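The values are calculated or read from the model by the stated rules, or taken from the named source; none is laboratory data. Predicted model, so just to flag it, every value in this text is computed and none were measured. Virtual Cβ from ideal backbone geometry, glycine too; neighbours counted across all protein chains shown. What goes into the accessible areas is simple: the full protein's heavy atoms, side chains included, and nothing from ligands, DNA or RNA. Shrake-Rupley method; radii C 1.70, N 1.55, O 1.52, S 1.80 Å.
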Amino acid sequence: MTIELFPRCALPGCANPTDAQGHPCSQCLRDFGGLLRHNPAGQALSATAEAARDRLAGQRDTDIDAGIQGKPGQICWLCDQRRTCTRVADRWECRTCRHITG
């Protein structure tokens, strides 16, 4: 685990510094202000929890790229339906079609 000098934005994928740990940065507030929901009674995301969340998301992306885990919302190359598909070679294939062709 690395300790950062400044707290960074709590929104996934953003590495901008922020005023307080667990809060969005000013750029994200400006860009997504209307979409963000403020919960004054809630607890801010700790640096440890934020790092764990980002690590899990990175592992999920690695598993999807390796064809281990399915990715929702992909169009199956066989049935042309939008489903949770797994990468097979260079195409996306749903579970139903994978059982048929497997």
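Points to keep in mind about this one:
- All Cα pairs of the chain, percent lying beyond 25 Å: 44
- In percent, rounded to a whole number, the relative contact order of the chain is 14, using alpha-carbon pairs under 8 Å and six or more apart.
- Entry comment: accessible area of the chain is 76 Å² per residue, from protein heavy atoms only and a probe of 1.4 Å.
- ³J(HN,Hα), Karplus 6.51/-1.76/1.60, whole Hz, each residue of region 8-15, x for Gly, Pro: 10, 3, 7, 7, x, x, 9, 10
- Charge-dipole axis of the chain as Lys and Arg at +1 and Asp and Glu at -1 on Cβ define it, positive-most pick from 81, 29, 67: 81
- Taken along the Cα-to-beta-carbon direction at a fixed 7 Å, the label points for residue 99 and residue 8 span 4.1 nm.
- Calculated FRET value between residue 46 and residue 15, using beta carbons and R₀ = 30 Å, to 0.05: 0.95
- Ellipticity estimate at 222 nm from DSSP helix runs (n ≥ 4, -39,500 (n - 2.57)) divided over the chain, nearest 500: -10000 deg cm²/dmol
- For region 70-79, Karplus couplings with θ = phi - 60° (6.51, -1.76, 1.60), whole Hz, Gly/Pro x: x, 10, x, x, 8, 9, 5, 6, 8, 9
- Between the beta carbons of residue 66 and residue 31, assuming R0 = 30 Å, the FRET efficiency works out to 0.40 to the nearest 0.05.
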